[in-house]
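Q: Can you read through this structure? Questions will come right after.
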Amino acid sequence: MSSEDTIVQQDVTFADLGLSPKVLSAVTDAGYTKPTPIQAGAIPHALQGKDILGIAQTGTGKTAAFTLPMITRLEKGRARARMPRTLILEPTRELAAQVEENFVKYGKNHKLNIALLIGGVSFDDQERKLERGADVLIATPGRLLDHRERGKLLLTGVEILVIDEADRMLDMGFIPDIERICEMIPFTRQTLFFSATMPPEITKLTEKFLQAPVRVEVAKPSSTATTVTQRLVKSASKAWDKRAVLRRLIDEEGDAVTNAIIFCNRKVDVSELYRSLTKYEYSAGALHGDMDQRARMQTLDAFRNNKLKLLVASDVAARGLDIPAVSHVFNFDVPIHAEDYVHRIGRTGRAGRSGKAFTLVTKSDGKYLDAVQKLTNQAIEWLDGDLSTLLPETESDDAPRRGRGGRSDRTTRSRDRGERREPRERKPEAAPVDVTEVEDAPAPRHDRRDAIRQGNAERQEARAPQPRRDRDDRNRRYRDQDDVNTVVGFGDDIPAFMKIVVPAVPA
Ligand code: AMP
């Protein structure tokens, strides 16, 4: 791969980029006045049929950077049954669904057949769409390969291939699948490749599958917006102590919390915290990798439409999602990877508005906190004293405070009348809950079965033996986190005596 760097002009307009009039009109209707740097840099080259290597993360407008030229190019020609003309690979169902929404928005003046192949949805409906002939096929790698193995999909007609969020695909163990898929598509295709970072495995992939790409890179944020007030909040380590600290913070912020995201490092904590908050009658929803598609979408919609005030989420589930700016971010845990802190905080204080970010810190978080402060090049202030001021015996402040923050009015009123007892937290900590318990609404039975099967298949893929380069630290770091994590038995805490290898006795 030899690549060509592009210099992005500052004062370009959408009309300068070469997009078709129908696409331009949809862009105007979307309310965009000026292309973002990734759009200005990538669109003219993509329209010329060149391969693109876009180094950009979510929030930069990268989806439109590939969608708009694709729709323009799709104006010529039509799709044939089972032979999609374009293919977009996304690491998660939400991102795939979000890209579909983008095609609907920007393709409003076109009659595009769009097929979305993701888990949690029945194969039959998806097959019918493929049968009709798809102009645009948006898929997660696992489901795409399932369809191909069922003989319902031919990739030999694909003219444009988009690989989005490639570094995340790497984290989730999808690279072998991506390689297989790339090999099924004619070499004459155009490839548009996007990744927020370029670890060596991704560079290798681009060298193998891109031809003389134009490289467009937009700045990676390593700093947090100055409009965000950040505070560290000391807490004892036990989960119930942390939950009490969190509730106190939410209550003290009161009505200033219009909507907030609460980030946890692990999905078991997402479900546990969600259950606890709802028990205390906070308006809350949960988002993590084990929930079925329907439940995730319902939660996201409810949060976007202000029907839920608090969204408890893991990094993996929330990353890349187009969630509106929030008033507050609460880090229930200090993130293990410092760059996640920047992503989390970036959810608030957008477009010059002010926002607040609180991070709960326990005694064992020292090295993670140091990494965050080093990356962001700042010393974050403590809210009310650092860890040295923590009482040795934590007072377990489970008794909730009065009528503030995210709680429903009903609770506040009834509590003020002294009519109801507040729920108490369980102590000690309950065993990790089965995360499927937290689905917001039960889906019809066949959907649930399908979703579970697909969920299992995707996890299986993520865990399947992979070439050594895919099993390095980048994968390991997610083992304890979201989509690829399931705590089995003792989890990582297997007693030493159980690890002793007992030689087999010959029969
Ligand atoms: P993305 O990085 O593709 O997830 O886009 C992030 C957000 O930016 C989405 O809500 C888009 O609707 C929005 N967006 C994309 N392009 C533009 C633009 N040129 N002007 C304003 N907003 C945009």
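The values are calculated or read from the model by the stated rules, or taken from the named source; none is laboratory data. Everything quoted here is computed from the prediction, not taken from an experiment. No Cβ is skipped: glycine too gets one built from the backbone with ideal geometry, and neighbour counts run over all protein chains shown.
For every residue, the table says whether it meets (1) in contact with a helix residue (DSSP H, G or I) (Cβ under 7 Å, 6 or more places away or on another chain); (2) within 16 Å of the ligand (Cβ to nearest atom); (3) on the phi > 0 side of the Ramachandran plot.
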| residue | (1), (2), (3) |
| --- | --- |
| ALA79 | no, no, no |
| LEU89 | yes, yes, no |
| GLN98 | no, yes, no |
| GLY119 | yes, no, no |
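Q: Then there is this: Suppose the filter is of a type in the set (D, E, K, R) and either under 15 Å from PRO91 (Cβ atoms) or buried (at least 22 other Cβ atoms within 10 Å of the Cβ) (or both); does ARG148 pass it?
A: No; evaluated as a whole, the condition is false for this residue.
Q: Output the residue which, of all residues in region 100-116 that are farther than 21 Å from THR299 by Cα, more than 16 Å from the ligand (Cβ to nearest atom) and hydrophobic (A, V, I, L, M, F, W, C), is surrounded by the most Cβ atoms within 10 Å (Cβ to Cβ).
A: Per the criteria, the residue is ALA115.
Q: Turning to a different aspect of this structure: Taking ARG231, is it in a helix (DSSP H, G or I) and either surrounded by fewer than 24 Cβ atoms within 10 Å (Cβ to Cβ) or in contact (Cβ under 8 Å) with a residue 40 or more places away in the chain (or both)?
A: So ARG231 fails the test.
Q: List every residue pair whose Cβ atoms lie under 6 Å apart, where the two residues are 6 or more positions apart in sequence or sit on different chains, the first residue falls within region 161-175 and is assigned by TED's automatic domain parsing to the domain that holds LEU87, and the second residue, located anywhere, is of a type in the set (Gly, Ala, Ser) and not in a loop (DSSP other than H, G, I, E, B).
A: Pairs that qualify, where the first residue is assigned by TED's automatic domain parsing to the domain that holds LEU87 and the partner is of a type in the set (Gly, Ala, Ser) and not in a loop (DSSP other than H, G, I, E, B), are ALA166/SER195; ASP167/SER195; MET172/ALA462; GLY173/ALA462.
Q: Hey, any hits in region 190-200 for a residue that's over 20 Å from GLU100 (Cα atoms), part of a helix (DSSP H, G or I) and either more than 17 Å from the chain's Cα centre (by Cα) or not β-branched (Val, Ile, Thr) (or both)?
A: yes
Q: Go through region 36-48 residue by residue and tally those that are touching a helix residue (DSSP H, G or I) at 6+ places or on another chain (Cβ under 8 Å) and more than 14 Å from the ligand (Cβ to nearest atom).
A: 3
Q: Tell me, which residue of region 70-99 that is among the acidic types (Asp, Glu) and at pLDDT 95 or above is surrounded by the most Cβ atoms within 10 Å (Cβ to Cβ)?
A: The extreme case among them is GLU90.
Q: A further question on this structure: Can you tell which of VAL245, VAL216 is part of a helix (DSSP H, G or I) and in contact with a strand residue (DSSP E or B) (Cβ under 9 Å, 6 or more places away or on another chain)?
A: Within the list VAL245, VAL216, the selection yields VAL245.
Q: Related question: Mind listing just one residue for me: the one in region 18-36 that is in contact with a Ser or Thr (Cβ under 7 Å, 6 or more places away or on another chain) and polar (S, T, N, Q) and, of those, modelled with the lowest pLDDT?
A: The selected residue is THR36.
Q: Counting only residues that are modelled with pLDDT of 75 or more and touching a strand residue (DSSP E or B) at 6+ places or on another chain (Cβ under 9 Å), how many does region 289-306 have?
A: The number of residues fulfilling the criteria is 7.
Q: Okay, moving on. With the requirement that a residue be in a loop (DSSP other than H, G, I, E, B) and either over 25 Å from the mean Cα position of the chain (by Cα) or surrounded by 24 or more Cβ atoms within 10 Å (Cβ to Cβ) (or both), what does region 32-49 give you?
A: Once the filter is applied, which keeps residues that are in a loop (DSSP other than H, G, I, E, B) and either over 25 Å from the mean Cα position of the chain (by Cα) or surrounded by 24 or more Cβ atoms within 10 Å (Cβ to Cβ) (or both), region 32-49 yields THR33, LYS34, PRO35, GLN48, GLY49.
Q: Output yes when any residue across region 50-68 is away from the ligand (no atom under 16 Å from the Cβ) and either among the acidic types (Asp, Glu) or surrounded by fewer than 21 Cβ atoms within 10 Å (Cβ to Cβ) (or both), and no when none is.
A: Yes, region 50-68 contains a residue that is away from the ligand (no atom under 16 Å from the Cβ) and either among the acidic types (Asp, Glu) or surrounded by fewer than 21 Cβ atoms within 10 Å (Cβ to Cβ) (or both).
Q: Would you check if there is a residue in region 74-91 being among the acidic types (Asp, Glu), over 22 Å from THR203 (Cα atoms) and in a helix (DSSP H, G or I)?
A: No, region 74-91 contains no residue that is among the acidic types (Asp, Glu), over 22 Å from THR203 (Cα atoms) and in a helix (DSSP H, G or I).
Q: Next question. Looking at (1) of a type outside the set (A, V, I, L, M, F, W, C); (2) modelled with pLDDT of 95 or more; (3) more than 13 Å from the ligand (Cβ to nearest atom), find the lone condition where ASP124 falls short.
A: (2)
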